[in-house]
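Presented below is the structure to which this report refers.
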Amino acid sequence: MVNNQEVASVLQKVRQANPLVHNITNVVVTNFTANGLLALGASPVMAYAKEEVADMAKIAGALVLNIGTLNPTEVEAMIIAGKEANEAGVPVIFDPVGAGATPYRTETARNIAGAVQVSVIRGNAAEIANTIGEAWAIKGVDAGEGSGDVVSLAKNAAKRLKTVVAITGKEDVVTDGNTTYIIRNGHPILTKVTGTGCLLTSVIGAFAAVERDVLKAAAAALVSYGVAAEMAAKKAGEQGPGSFQIAFLDALSRVGADEIHQYGRIEQGE
Amino acid sequence: MVNNQEVASVLQKVRQANPLVHNITNVVVTNFTANGLLALGASPVMAYAKEEVADMAKIAGALVLNIGTLNPTEVEAMIIAGKEANEAGVPVIFDPVGAGATPYRTETARNIAGAVQVSVIRGNAAEIANTIGEAWAIKGVDAGEGSGDVVSLAKNAAKRLKTVVAITGKEDVVTDGNTTYIIRNGHPILTKVTGTGCLLTSVIGAFAAVERDVLKAAAAALVSYGVAAEMAAKKAGEQGPGSFQIAFLDALSRVGADEIHQYGRIEQGE
Amino acid sequence: MVNNQEVASVLQKVRQANPLVHNITNVVVTNFTANGLLALGASPVMAYAKEEVADMAKIAGALVLNIGTLNPTEVEAMIIAGKEANEAGVPVIFDPVGAGATPYRTETARNIAGAVQVSVIRGNAAEIANTIGEAWAIKGVDAGEGSGDVVSLAKNAAKRLKTVVAITGKEDVVTDGNTTYIIRNGHPILTKVTGTGCLLTSVIGAFAAVERDVLKAAAAALVSYGVAAEMAAKKAGEQGPGSFQIAFLDALSRVGADEIHQYGRIEQGE
């Protein structure tokens, strides 16, 4: 069972190993993603050209695919990189940003999930549902139904895609289809800073690079990230989302075993 | 007549409606634009692929086109999205960044303004002049002639393009060719942070999404934005442009009726 | 000989001339690069389309080429812009980001260095070595051998490429192959913020735009940048990399003759 002890231990491994995380991500969040990974103690690299993604993916500790501002050229590169990562045993983390918002996104999310063996997929409930072809209204960014449904959705998706699924929202749910964890960390102001979901997906990559039990890696990433957000919200949340964003980067560099033990809220679900 | 009361009322509507603003914008400012819109209370989405821009534009509250780092593929997507927005009655806001700086930009600005019915065009005097084919030296980013000329230029452009024109600089001028407002808010340190003009254009989009009198929407956006900048400059301007940028995001989340009534400076021009 | 007096004098010229720096750079660092140049007192422009790069490069004070997220279209634009800059006598500054990490990057770095006459090339030891075809392990981002080797490498590269070479690391080395300077400014937290190397390359561009002795320009840029980093680290380094990044932008706008004289550490090497 993953508890705060285990979370702190995987976080510590990230800081020691400084894993290379290869991101093929959207233009809105590249800078924030790189700075967040650096703050945490990982080593980010962004490389998009199909001429080099296979070479980069195979030497990385994890590959992160994010379709936030997708286009056909980058999607092609994502699939090349993903297949090479599969070949080399490098875990692939997938963020189907906006699946359901347009037919092109939905179709692309399904194509990538079909062509590449993904280790973890992270999104909100609507994105995960649309990726596996279940109807789920996507209004704005959040889904917002009861958490019971979200757990079922997560388990279904995990079984269908043979992967670990992390659905984030008010509560986070992470499951491999059999074992499920519920995480109650984080802060609402995260929704006022662009790219906090995307960065979380990349942070899961950093954890999966050092911990081959990907369910544990994903759970540990969600707790660590949520606790860092609470630290930042306490320090700067009242000033507004600009100050919070900066305090959050600081907190990612400072969150450690003490804070995890004090604030981490993870429990096993049904 | 648009006064501070009206400005505060439209700002309030933005916060309540949380409008989806679809941006096709440049790579320098995507993150800042998304964070600024989120701070203000709008819901930003960036989508660029011609495979999906029509689907996204038609469900948005406003579409923002910005040619800051243009290329032929994105320009094609802008025109597809713009035409679909026109069809769907979604207001289109256009920022002809750098028109006049290179022939390619000037020509592209004119092509977009010709192919799409724009609701509001925002730029500095040189950009607006070059978009309508008037000679106006563009040196660096600012134009800096007397405001009398700027008012005439704005009116000419409004009549020529059948749109609301916002020319920003020391004083902001906004006109539909008949009714004109002069706004004296803002702060010089805005010119030391990249993308403050681009974000303003997207903020006009958020206001136009909730107020169909686009002249009023644009005027209200200019006042709200300028007042937020003054709040941030007072708080952090002396520390430098880094601190100002963060304080400005905070201020966009906090500016409300009280500050508008106290600091808003809008008057009707001739 | 370049001393603190000379450094302060070139920095002063940048502030007075407000030079236009044309950047063709990677998507991770565009916003930070633009804000850093603005804070310093330069005027950044990003333009990437092959339809306009020649027109922009020839009116700029310097052209900066950075292959951080390269693709064939942008590399083509870089070479078009570089050749036009050569024609027009505009200095070209080159940052071979990640040369050695993938064959595509290494090959592209060599192609650009071959096709364009570069005034200054800046990178870490591994990037510079790989650009001139010398073996040098690139693990993560840093090279980390003794500084004696780095000086030899820098001189070799300067002679081979007939350019000024700046190798940054714990100590910075800058040389034209004959005269060499060692600069001992900066702070380790710079490695925790993405794009600090890329921004430095663009800052060298701003200095080269106002000082035609490019060795002096590059040395002055390195000292000014390092001193600003020390100012920021003193103010905010303990809070973490988020706060440091903001304080660094502030410091770039404040660093002046007083701080250069007090903290600048430049000496002539062998």
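The values are calculated or read from the model by the stated rules, or taken from the named source; none is laboratory data. Keep in mind it's a predicted model, so treat the numbers as computed, not measured. Using ideal geometry, Cβ is built from the backbone for each residue, glycine included, and neighbour counts are taken over all protein chains shown.
Just one of B:Thr25, B:Thr33 is within 9 Å of chain A (Cβ to nearest Cβ), surrounded by 24 or more Cβ atoms within 10 Å (Cβ to Cβ), under 23 Å from B:Lys192 (Cα atoms) and of a type outside the set (Lys, Arg); which is it? Residue meeting the stated conditions: B:Thr33. For segment C:251-267, the set of residues classified as within 14 Å of chain B (Cβ to nearest Cβ) and either buried (at least 24 other Cβ atoms within 10 Å of the Cβ) or of a type in the set (S, T, N, Q) (or both) consists of C:Ala251, C:Leu252, C:Ser253, C:Val255, listed by residue number. Residues of segment B:164-203 that are out of contact with any helix residue (DSSP H, G or I) (no Cβ under 7 Å at 6 or more places or on another chain), away from chain C (no Cβ under 14 Å) and surrounded by fewer than 24 Cβ atoms within 10 Å (Cβ to Cβ): B:Lys170, B:Asn178, B:Ile182, B:Arg184.
Here segment A:81-110 is the region considered, the condition is being in a strand (DSSP E or B) and of a type in the set (A, V, I, L, M, F, W, C), and the residue that is modelled with the lowest pLDDT is A:Ala99. Scanning segment B:111-133 for residues being more than 14 Å from chain C (Cβ to nearest Cβ), part of a loop (DSSP other than H, G, I, E, B) and within 29 Å of B:Leu20 (Cβ to Cβ) gives a total of 4. The helices (runs of 4 or more DSSP H) located wholly in segment C:4-60 that include 1 or more residues which are within 16 Å of the chain's Cα centre (by Cα) occupy C:4-17, C:30-40. Note on segment A:56-91: among residues that are out of contact with any Cys (no Cβ under 7 Å at 6 or more places or on another chain), over 20 Å from A:Val210 (Cα atoms) and of a type outside the set (A, V, I, L, M, F, W, C), the one that is farthest from the other protein chains (Cβ to nearest Cβ) is A:Lys83.
A residue that is among the aromatic types (Phe, Trp, Tyr) and either at pLDDT below 95 or more than 13 Å from the chain's Cα centre (by Cα) (or both) can be found somewhere in segment B:128-148. Cβ separations smaller than 9 Å between residues 6+ apart or across chains give the following pairs from segment C:93-110 residues that are within 12 Å of chain A (Cβ to nearest Cβ) to residues that are aromatic (Phe, Trp, Tyr) and in a loop (DSSP other than H, G, I, E, B): C:Gly100/C:Trp136.
Select from segment C:1-50 the residues that are at negative phi and small (Gly, Ala, Ser) and list them in ascending order. Within segment C:1-50, C:Ala8, C:Ser9, C:Ala17, C:Ala34, C:Gly36, C:Ala39, C:Ala42, C:Ser43, C:Ala47, C:Ala49 meet the criteria.
Scanning segment C:225-270 for residues that are under 14 Å from C:Thr196 (Cβ atoms) and not hydrophobic (A, V, I, L, M, F, W, C) returns C:Tyr225, C:Gly226, C:Glu230, C:Gly237, C:Pro241, C:Gly242, C:Gln245. Being under 18 Å from the mean Cα position of the chain (by Cα), under 22 Å from C:Ser43 (Cβ atoms) and at pLDDT 95 or above holds for only one residue in C:Thr180, C:Thr168, C:Thr196, and it is C:Thr196.
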